[in-house]
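The values are calculated or read from the model by the stated rules, or taken from the named source; none is laboratory data. Everything numeric in this text was worked out from a predicted model, so none of it was measured. Please note: Cβ atoms are built from the backbone with ideal geometry, for glycine as well, and neighbour counts cover all protein chains shown. Please note that ligands, DNA and RNA were not included when accessible areas were found on the heavy atoms of the full protein model with its side chains. Shrake-Rupley method; radii C 1.70, N 1.55, O 1.52, S 1.80 Å.
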Amino acid sequence: MAASSRAQVLDLYRAMLRESKHFSAYNYRTYAIRKIRDAFRENKNVKDPVEIQTLMNKAKRDLEVIRRQVHIGQLYSTDKLIIESQEKPKT
């Protein structure tokens with residue numbers, strides 16, 4: 001993978017994780033973060049540039065879905081769960 005392509009993939013990965021942390025619902029937040037990490041780990045050894053571009057396009061669409069869902073979730077926020085008050089922020 002070319003250096004610029006690798007940088008783009010990492011930027012996209014970070015953007016998806018950062019945006020997913022804005023989910024107000026604990027279950028959505030943890031699910032999204034877990035799915036993003038699993039998907040990127042699963043495809044970390046892909047070498048074909050066409051397949052990389054296809055995966056990046058899918059991830060960009062998914063990022064837009066995450067952004068929309070975060071916005072909708074903020075409109076209809078709910079009370080925090082018990083587990084959220086005990087959870088320490090991860091860095």
> Say we look at segment 37-54 and pick out the residues that are open to solvent by less than 60 Å² (accessible area, probe 1.4 Å) and either of a type outside the set (Gly, Ala, Ser) or at pLDDT below 95 (or both); which of these is nearest to residue 14 (Cα to Cα)?
Replying inline: 40
>> So, residue 10, is that one out of contact with any Leu (no Cβ under 8 Å at 6 or more places or on another chain), without any contact (Cβ under 8 Å) to a residue 60 or more places away in the chain and open to solvent by less than 80 Å² (accessible area, probe 1.4 Å) or not?
In response: yes
>> Criterion first (of a type in the set (Lys, Arg), open to solvent by 50 Å² or more (accessible area, probe 1.4 Å) and more than 10 Å from the chain's Cα centre (by Cα)) does residue 80 satisfy it?
In response: yes
>> Just the residues that are farther than 26 Å from residue 82 by Cα and assigned to a loop (DSSP other than H, G, I, E, B), please, taken from segment 1-42.
In response: 1, 2
>> Cβ contacts < 8 Å: first residue of a type in the set (Ser, Thr, Tyr), restricted to segment 66-91; second residue modelled with pLDDT of 80 or more and surrounded by 10 or more Cβ atoms within 10 Å (Cβ to Cβ), any location; separation 6+ or different chain. Result?
In response: 77/24; 78/24; 78/25
